[in-house]
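One structure below.
The values are calculated or read from the model by the stated rules, or taken from the named source; none is laboratory data. Keep in mind the model is a prediction, meaning the values are calculated, not measured. Ideal geometry is used to build each Cβ from the backbone, glycine not excepted, and the neighbour counts take in all protein chains shown.
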Amino acid sequence: MGFYVEAAVKQKKQKKQVAAKKELYSIGSTHFINDLMTTGIVPALLPLYKEAFHLSYTQAGVIMLVSTLASSIMQPLFGMFTDKYPKSWYLPFSVLLTGFGLALSGFVNSYALLLLMIALSGLGSGIFHPEASRGAHLAAGNAKGAAQAIFQVGGNFGQAVGPLMIPLFLLATGIKGLGWFALLGFVGSLLILNIMPWYRESLEKDRQKKKSQFAGKRHIVGLVGLTLVVMLRSWTQIGVAAFLPFYYIQQNISLAVADVYTFLFLGAGAVGTYIGGRYSDYFSHKWILFGSMFLTIPFAWLLPHVSGIWVIIILVLFGFFVLSSFVVTVVYGQMMLPNNIGLASGLMIGFAVGAGGVGATFMGWISDHYGVEFIFDLFVIIPVVAAMITLFLPSEKTLLERNGAA
């Protein structure tokens, strides 16, 4: 069956090992801090920003757009640059910048300055991801999926915990409480500094290895298709995370409860990220991705039609399946660009995922004109299209054969 990959592709019966677990967990923990301060908390902050600056839904959506342009859409450019000039100091500097920008957003007095601080924070995150993903790749040994699972679950769990900062902390302090996130950025910077000697040594070994290594072939058509699938997945995931609080507030549910619902959705996604990543070393990337998109459809349709305990059940299952392919797409993209790990990571983690911010802006415009309820109908259609595109992606066997590995 297509779901099971041939022995030549997956090295049948060989137990995969992650080469540098200590370093990998350090990178993953810093990823948690970084993403909590960007894709985690920024969508959840939109109602507070909207109230403090008297914004429309469209203006609130622009905040997401600016954040994702800086933190995600720009990642391929950062990835291309770091592929040519990888530097270990990018990691501690970037997470420090992320926290600094977020902290200042709580003290500005105009919408324009707010967007500037959000952009500054996003820029730090945009620098962090390609280089951190390279670090995870270097620490992976021959277990690329397992390593990316550990790395990515840190980021996705950070996204899940971010909304909890609102009811647990910021509802009491107001947006000026964001100043404390400068300290969190400093902690992340110290954490990553702990592995700098290993990372510098690994970068040098990787440079020497590439000099004598067979140049892998790119699969551009497959990469375009994969990027489209990840964009559509991101529209669904980030759209739900950004507008779920607005949706339930209109149903007279408090912001605190709505943010807990968002946490459950994203927390289940983090679990799905880890499980999907761990099993991606043994099963076909293509069919895990298809299954993820296909199984998302019924829960996207059910969400607006349930209440009570069923809301929690549907949100958990929705979140689990929509992000269960997150690691798969990163490793899949790296296989399609074998000699440009930073660029591939920037495309999969940054550009394609960041397209969700563009989608959030468009969804804000739709909400202003047709109501928040209308956009939840779109979350049914989007994964249908993504699943159909997945069927046309190249198999891993095809990719490995192109690179002389089969």
Checklist outcome for this item: Within the range 181-205, residues in a helix (DSSP H, G or I), modelled with pLDDT under 90 and farther than 22 Å from ASP83 by Cα come out as LEU191
Item to check | Residues of the range 196-209 satisfying the condition of being crowded, with 18+ Cβ neighbours inside 10 Å and under 15 Å from SER94 (Cα atoms) | outcome: none
Checklist entry - Out of the residues in the range 223-263 that are among the aromatic types (Phe, Trp, Tyr) and more than 17 Å from the chain's Cα centre (by Cα), which is modelled with the highest pLDDT? => result TYR261
Checklist entry - Taking interchain pairs and intrachain pairs at least six residues apart, which have beta carbon atoms under 8 angstrom, with the first residue in the range 372-393 and without any contact (Cβ under 8 Å) to a residue 12 or more places away in the chain and surrounded by fewer than 20 Cβ atoms within 10 Å (Cβ to Cβ) and the second β-branched (Val, Ile, Thr) and assigned to a helix (DSSP H, G or I)? => result PHE374/ILE366
Checklist outcome for this item: Screening GLY79, GLY61 for residues that are within 29 Å of GLY371 (Cβ to Cβ) and surrounded by 19 or more Cβ atoms within 10 Å (Cβ to Cβ) leaves only GLY61
Checklist entry - surrounded by fewer than 24 Cβ atoms within 10 Å (Cβ to Cβ) and at pLDDT 50 or above, is that true of TYR25? => result yes
Checklist entry - Do we have any residue at all in the range 333-351 that's within 23 Å of MET64 (Cα to Cα), touching a residue at least 12 places away in the same chain (Cβ under 8 Å) and surrounded by fewer than 24 Cβ atoms within 10 Å (Cβ to Cβ)? => result yes
Checklist outcome for this item: If we keep only residues of the range 267-312 that are over 21 Å from the mean Cα position of the chain (by Cα) and aromatic (Phe, Trp, Tyr), then the residue farthest from ILE382 (Cα to Cα) is TYR282
Item to check | First in the range 72-100 and touching a residue at least 40 places away in the same chain (Cβ under 8 Å), second anywhere and part of a loop (DSSP other than H, G, I, E, B), Cβ under 6 Å, 6 or more apart | outcome: ASP83/ASN340
Next on the checklist: Cβ contacts < 6 Å: first residue closer than 15 Å to HIS137 by Cβ, restricted to the range 197-208; second residue of a type in the set (Phe, Trp, Tyr) and not in a helix (DSSP H, G or I), any location; separation 6+ or different chain. Result?
Outcome noted: none
Item to check | Residues located in the range 28-69, provided they are small (Gly, Ala, Ser), modelled with pLDDT under 85 and under 15 Å from ALA355 (Cβ atoms) | outcome: GLY61
Item to check | Residue satisfying all of: in the range 388-406; in a helix (DSSP H, G or I) and among the hydrophobic types (A, V, I, L, M, F, W, C); modelled with the lowest pLDDT among these | outcome: LEU400
